[in-house]
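Okay, so here's the structure we're looking at.
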């Protein structure tokens, strides 16, 4: 039986969601693997046994010394949303340890976690997307200069965070400074993006044994102003329709675009690609290389709609590492 570490936690605002994702993955794969939940928070890396005792991970070789033996892991299932599990830091560490892992490479993770860098990279391949402005505090342009590029309303986002933390929809010039400050609390870079009045669509993609698996589409309908953190994780605050009620031709186009984005970026494992569809034209929003894996998350719902057992999907991704 293979020994699998499921890493969870991390150092971002998505800590709690990560832990919940990891626990659900653990429950689904524990019958097939000797799987252990490894918590990572700053310098504290540990496994907690059923008695509540904590055993520290030896970072020299990512091993675990328990009472009776030294555990070495055959592979790592990365379930950390945000830093250090989604931005390439852990991936680089596991590359040095020569331990295979389920998510994208260090380069791909770093590139996709930086929304602006990812957009610039994909723009050269003709992937359609909204107009945006990126700045740091020391280079922050005048509000009028921002609005002249993006128009109103617009979205203000941290350039490198997830779960919509620090994201605001701005309808007037007066709202812009407070929204920018909220984004700066999550990141040292802020992106202001033109608002597109359309339907938000998400598509899960994975590659297993050289074959691309494109999952059914999900339409996200928020009861809030937009699909913010509350709408994502509070029951009744959003509706997610899977499969999305779209014409067949448009569905195929979005799935093809998602697969194309996956290939261009050189992704690995399971990712989710998000779009806004305006007048039957899909525009790329962002890509999540460690998407949520809780029962409320989109990927599990898409797998169910496709008739794919979720535990089997995770097992296939793990087995693809060997």
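Just so you know, all these numbers are worked out from the coordinates, no wet-lab data involved. Because the structure is a prediction, the values reported are computed rather than measured. Cβ: placed from backbone, ideal geometry, glycine included. Neighbour counts: every protein chain shown.
Points to keep in mind about this one:
- Taken as Cα centroids, the stretch 41-72 and the stretch 154-213 sit 36 Å apart, rounded to the nearest whole angstrom.
- Ascending count of other beta-carbon atoms within 10 Å, so fewest first, for 2, 54: 54, 2
- Antiparallel bridges, percent of DSSP beta bridges restricted to the stretch 3-101 (to nearest 5): 50
- Likely footprinting exposure, 133, 278, fewest C-beta neighbours within 10 Å first: 278, 133
- Most to least packed among 62-68, 72-78 [average Cβ atoms within 10 Å]: 72-78, 62-68
- Among 126-132, 253-259, the peptide with the highest mean count of other Cβ atoms within 10 Å heads the list, and the full ranking is 253-259, 126-132.
- Taking other Cβ atoms within 10 Å as a rough exposure proxy, 207, 136 sort from fewest to most as 136, 207.
- Packing around the peptides 41-51, 150-160, taken as the average count of other Cβ atoms within 10 Å per residue, puts them in this order, highest first: 150-160, 41-51.
- Cα-based radius of gyration of the stretch 132-194 once divided by 2.2 N^0.38 Å, which approximates compact folds: 0.95
- Residue-span extension gain [residue 30 to residue 211] - 0.36 nm each, minus C-alpha spacing: 62.6 nm
- Distance between the stretch 94-135 and the stretch 279-299 - C-alpha centres, whole angstrom: 15
- Placing pseudo-labels 7 Å out from each Cα toward the beta carbon at residue 49 and residue 140 gives an inter-label distance of 5.1 nm.
- In this structure, residue 281 and residue 124 have a Cβ-Cβ separation that, at R0 = 22 Å, corresponds to a calculated FRET efficiency of about 0.70.
- Calculated SAXS-style log₁₀ I(q)/I(0) at q = 0.13, 0.15, 0.24 Å⁻¹ - the stretch 3-101, Debye, Cα scatterers: -0.40, -0.54, -1.48
- Spacing of the modelled spin labels on residue 171 and residue 304, each 7 Å from Cα toward Cβ, amounts to 3.4 nm.
- Value of [θ]222 nm, deg cm²/dmol, for the chain, DSSP H segments ≥ 4, -39500 (n - 2.57) each, nearest 500: -9000 deg cm²/dmol
- Kirkwood radius and radius of gyration were both taken over the C-alpha atoms of the stretch 52-117, and their ratio Rg/Rh is 1.06.
- Extension reserve of the residue 93-residue 241 stretch, reckoned as 0.36 nm per residue once the Cα distance is removed: 49.5 nm
- The shape of the chain can be summarised by an equivalent ellipsoid whose semi-axes, obtained from the alpha carbon gyration tensor, come to 34, 23, 17 Å from longest to shortest.
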